[in-house]
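Okay, so here's the structure we're looking at.
The values are calculated or read from the model by the stated rules, or taken from the named source; none is laboratory data. It should be emphasised that the depicted structure is a prediction, and the values quoted were computed from it without experimental measurement. All Cβ positions, glycine included, derive from the backbone under ideal geometry; neighbour counts span all protein chains shown. Accessible surface is based on the protein model in full, side chains and every heavy atom, while ligands, DNA and RNA are left aside. Shrake-Rupley method; radii C 1.70, N 1.55, O 1.52, S 1.80 Å.
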Amino acid sequence: MARPEPSALVESLRAFGYSLPTAIADLVDNCISAAARNVWLRFEWDGAHSFIAIRDDGGGMTDVELVAAMRPGSKSPLEDRAPGDLGRFGLGLKTASFSQCRRLSVVTKTKDDPCVARCWDLDYINTAGEWRLLKKVNQHRLTGAGEEIAQQGTIILWEEMDRVTGSARTDDKSAYNRFLEAIEEVKEHLAMVFHRYLEKRGGINIFINGRQIGAWDPFLRGEKATQELPSEKLFCKGVHLTVTPYVLPHQSKLTQDRHRAAAGPQGWNAQQGFYIYRNERLLVPGDWLGLGFQKEEHHKLARIQIDLPNNMDDEWQIDVKKSRARPPGYLRAELKRIAKLTREQAVQIYRHRGKVIARKSSQDHVFLWQQKSRHGKYFYEINREHPLIQSSLREIGTDKIEPILRLLEETIPASHIIITSSEEPDRMSSPLEGAKYAEVRPLLQKIYDSFQKNGFSRDEIFDRLATMEPFSQNPEFIEAFREEPEGGI
Ligand SMILES: Nc1ncnc2c1ncn2[C@@H]1O[C@H](COP(=O)(O)OP(=O)(O)OP(=O)(O)O)[C@@H](O)[C@H]1O
Ligand SMILES: [Mg+2]
């Protein structure tokens, strides 16, 4: 038999590239798959003897199940899983644990069976040269820390955490501070990855050293200014995937604290892009999925949710760490289109600095250009009701103005605009950008005069100006006009 060399295999099991937060998230996956309602994490500082314990009140395991679970590759990735199961590879418990510690113990109990325990000790494997699953577990550390299983549940205990605390002395202040920072990172990561479970009724509660973790919603669904764009259904392997784009509020619409919290563990820029959920667990927290987009400051308000069931892991190339996913080739064009649309919308919000125009006004917005459709084709028309157009039609004459309007409408360089705005959105100027007041003033005056002729009061006219393109996005010009001693008179 060609048994793998224990010490060599151990080292490769340790090299999956987990961080402490992603490793712990992998264990919490297992708690959720075991139908736990509560997960208690305990971080105990004691220098090189520090430990982390993760306890849940899920279904637990029998002795036979525990021995199987401890085996690397305990289940085949090809096996079908229950819909709520977050596992796939039969590896997570082992790879996640060994990425952080040299001693992994599991204590577990089902409702009807006695408590059982097993331990993998990498130092033992290395020195003895054999894969022996030990029965001796440092139970006293758990009982001492108040970690006990009442009816049913499982405790995972990590000791000899060479990758977390190393050989630090207990009184090493800076090592202790790093330990505290690591706890904070774990907290933020779990709040993000499991936010849906934490939010929903009948979901789970997670506690770190006795304190409950709140959910972090990447889409700020509780904020009025968040825009949820229409969801789309994509057809993938016989099922519909739902894609829901969100554009987050401009900074000015959030309190400082909310804005800081909304950034997420990696910061505003890094957290833009697609958010891929498998079941309800977040796998990818913001990524443009190799679709050819960069993470840029002016697109940071774009976050797009994709929901996957757990039977598409192969199709989406889900990895053992559950932190990567790649869309199948045939979905790329559709995802790219959705990303483009969302990014464009996000730039708009980012640029306009969330200026609120004429919030007091009861008037509807007056646009100069309107999108229309005829026989299923779109075209753009100049709004004849726009006050400036109306007054020109009246004063100069419909027969003189109409042909010019038609000419403009028929020759609008739509395809150029589309290409430039999607490829170089930064270089598109917004209405009246860089314009001087002196250039804009005659326009304002003309509209003012025309309204006045029609019997509108001064206040009414300013109200209307504020909801009219192109001034609606540049309230400072309207203010300057209003403040002129002879303004509009
Ligand atoms: N907290 C737990 N409660 C009950 N059973 C558990 C728990 N943790 C692990 N198990 C059992 O151990 C098995 C192995 O877990 P492991 O994380 O190694 O693999 P997996 O979850 O099946 O797949 P993946 O590698 O994708 O995580 C699980 O399938 C489950 O049966
Ligand atoms: Mg698992």
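A few points about this structure:
- Residue check, Tyr277 under 13 Å from the mean Cα position of the chain (by Cα), under 22 Å from Tyr18 (Cβ atoms) and either among the aromatic types (Phe, Trp, Tyr) or assigned to a helix (DSSP H, G or I) (or both): yes
- Check on Gly376, open to solvent by less than 50 Å² (accessible area, probe 1.4 Å) and not polar (S, T, N, Q): no
Conditions tested, residue by residue: (1) open to solvent by 30 Å² or more (accessible area, probe 1.4 Å); (2) outside any helix (DSSP H, G or I); (3) basic (Lys, Arg); (4) out of contact with any Pro (no Cβ under 6 Å at 6 or more places or on another chain).
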position	(1), (2), (3), (4)
Ala8	yes, no, no, yes
Pro21	no, no, no, yes
Ala25	no, no, no, yes
Cys31	no, no, no, yes
Ile52	no, yes, no, yes
Glu65	yes, no, no, yes
Ser76	yes, yes, no, yes
Glu79	yes, yes, no, yes
Asp85	no, yes, no, yes
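- Check on Gln139, within 38 Å of the chain's Cα centre (by Cα) and either open to solvent by 10 Å² or more (accessible area, probe 1.4 Å) or of a type in the set (S, T, N, Q) (or both): no
- Residues in the range 201-237 that are in contact with an Asp or Glu (Cβ under 8 Å, 6 or more places away or on another chain) and not in a strand (DSSP E or B) were compared, and the one that is least open to solvent (accessible area, probe 1.4 Å) is Phe219.
- The residues of the range 45-69 that are farther than 21 Å from Arg163 by Cα and among the hydrophobic types (A, V, I, L, M, F, W, C), listed by number, are Met61, Val64, Leu66, Val67, Ala68, Ala69.
- Within the range 104-139, the set of residues being of a type outside the set (Phe, Trp, Tyr) and assigned to a strand (DSSP E or B) comprises Leu104, Ser105, Val106, Val107, Thr108, Lys109, Val116, Ala117, Arg118, Cys119, Asp121, Leu134.
- Annotation: Ser457 fulfils all but one of (1) modelled with pLDDT of 85 or more; (2) open to solvent by less than 50 Å² (accessible area, probe 1.4 Å); the unmet one is (2).
- Remark: pairs (first residue in the range 59-76, at positive phi; second residue more than 14 Å from ligand 2 (Cβ to nearest atom) and open to solvent by 40 Å² or more (accessible area, probe 1.4 Å); Cβ separation under 9 Å; 6+ apart in sequence or on different chains) = Gly60/Lys111; Gly60/Asp113; Gly60/Cys115; Gly60/Gln151; Gly60/Gln152.
- Of the residues making up the range 125-136, one or more are in contact (Cβ under 8 Å) with a residue 40 or more places away in the chain, open to solvent by less than 20 Å² (accessible area, probe 1.4 Å) and either assigned by TED's automatic domain parsing to the domain that holds Phe16 or more than 27 Å from Glu184 (Cβ to Cβ) (or both).
- Selected residue (criterion: modelled with the highest pLDDT) from residues of the range 250-274 that are in contact with an Asp or Glu (Cβ under 9 Å, 6 or more places away or on another chain) and part of a helix (DSSP H, G or I): Ala262
- The range 54-63 - residue that is within 16 Å of ligand 2 (Cβ to nearest atom) and more than 18 Å from Gly203 (Cβ to Cβ) and, of those, most open to solvent (accessible area, probe 1.4 Å): Met61
- Of all residues in the range 101-114, those that are farther than 11 Å from Ile156 by Cβ and either near ligand 1 (Cβ under 10 Å from one of its atoms) or out of contact with any Ser or Thr (no Cβ under 7 Å at 6 or more places or on another chain) (or both) total 7.
- The lone criterion from (1) small (Gly, Ala, Ser); (2) within 9 Å of ligand 1 (Cβ to nearest atom); (3) more than 30 Å from the chain's Cα centre (by Cα); (4) surrounded by fewer than 20 Cβ atoms within 10 Å (Cβ to Cβ) left unmet by Gly90 is number (3).
- Neighbours by Cβ (under 6 Å, 6+ apart or cross-chain): first from the range 23-42, assigned by TED's automatic domain parsing to the domain that holds Leu86; second basic (Lys, Arg) and buried (at least 24 other Cβ atoms within 10 Å of the Cβ): Trp40/Arg55
- Qualifying residue in the range 428-441 (condition: open to solvent by less than 80 Å² (accessible area, probe 1.4 Å), touching a helix residue (DSSP H, G or I) at 6+ places or on another chain (Cβ under 6 Å) and more than 24 Å from Gln370 (Cα to Cα)): yes
- The set of residues in the range 96-105 that are of a type outside the set (Phe, Trp, Tyr), within 14 Å of ligand 2 (Cβ to nearest atom) and surrounded by 22 or more Cβ atoms within 10 Å (Cβ to Cβ) comprises Ala96, Ser97, Leu104.
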